[in-house]
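Working notes, beginning with the structure itself.
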Amino acid sequence: MAIDLEIRPAGKPGEAGIDHDVVEAADPEHPKCRILLDYWRARRQPDGLTLRRDFNPLDMPKLMGGMFVVEPVDDGADMRYRLIGVANEQRLGMPFTGRLFSACYAPQMAAIQIALHNRVMNERKPAVLRGRFLGVDLEYAYFEAVYLPVRAETGLQVVGGLYDMDQLE
């Protein structure tokens, strides 16, 4: 299913932002997404979730630039990026760490992303998206993202990674 989405830098309504369209995939193709999924699977607890404290980005230094951690806000009405790798912030041309989805994305994009993250946490199952970016000073970039539910001390979160399909190392 293709989803047309738009990302706009907060505070600049009406300006061109980052556009992309995505489809949901059954399994990751990008080697870094597969590594993240395998790492998550290897640490699953009997309830099917991995503990956030057992998911250590330092175990995967080559993946850190594309990794992200998301937590729900207001019982899942919004989401906050607790952390997003510097490679993704540089590619997208704006800071995301510490920001709400509603402040990072246009309303439709925020709603779709919030729903996806809530689904990953509620179903306790990974999700994979694949698609293309076009943004400010960006060429089309073919990317893949994997979303993994984890249990933190404060509740459920999503840990994942977003990687360029043209950069397979």
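No value in this document is a laboratory result; all are computed from the given coordinates. This structure is a prediction, so every number in the text was calculated from the model and none was measured. FYI the Cβ positions are ideal-geometry reconstructions off the backbone, even for glycines, and counts take in every protein chain you see.
Stretched out fully, how many nm does the piece from residue 103 to residue 21 gain, at 0.36 nm a residue minus the Cα gap?
27.5 nm
How big is the Kirkwood radius of the stretch 16-128, worked out from every pair of different alpha carbons and given in Å to one decimal?
15.3 Å
For the stretch 70-169, what percent of Cα pairs sit more than 16 Å apart?
Of the Cα pairs, 59 percent sit more than 16 Å apart.
How many percent of all Cα-Cα pairs in the stretch 63-118 sit more than 13 Å apart?
The share of Cα pairs beyond 13 Å in the stretch 63-118 comes to 57 percent.
Taking K and R as +1 and D and E as -1, what net charge do the other residues with C-beta under 12 Å from the C-beta of residue 152 add up to?
+1
Using each residue's phi in the stretch 149-163, evaluate 6.51 cos²θ - 1.76 cosθ + 1.60 at θ = phi - 60° and report the 3J(HN,Hα) Karplus result to the nearest Hz, with x for Gly and Pro.
Values, residue by residue: x, 9, 9, 9, 4, 8, x, 7, 9, 10, 10, x, x, 10, 9 Hz.
List every residue whose amide H lies under 5 Å from the amide H of residue 78, counting only residues 5 or more places away in sequence or on a different chain, with H placed 1.01 Å from N in the peptide plane.
Residues meeting the criterion, in which the H sits 1.01 Å from N, are 73.
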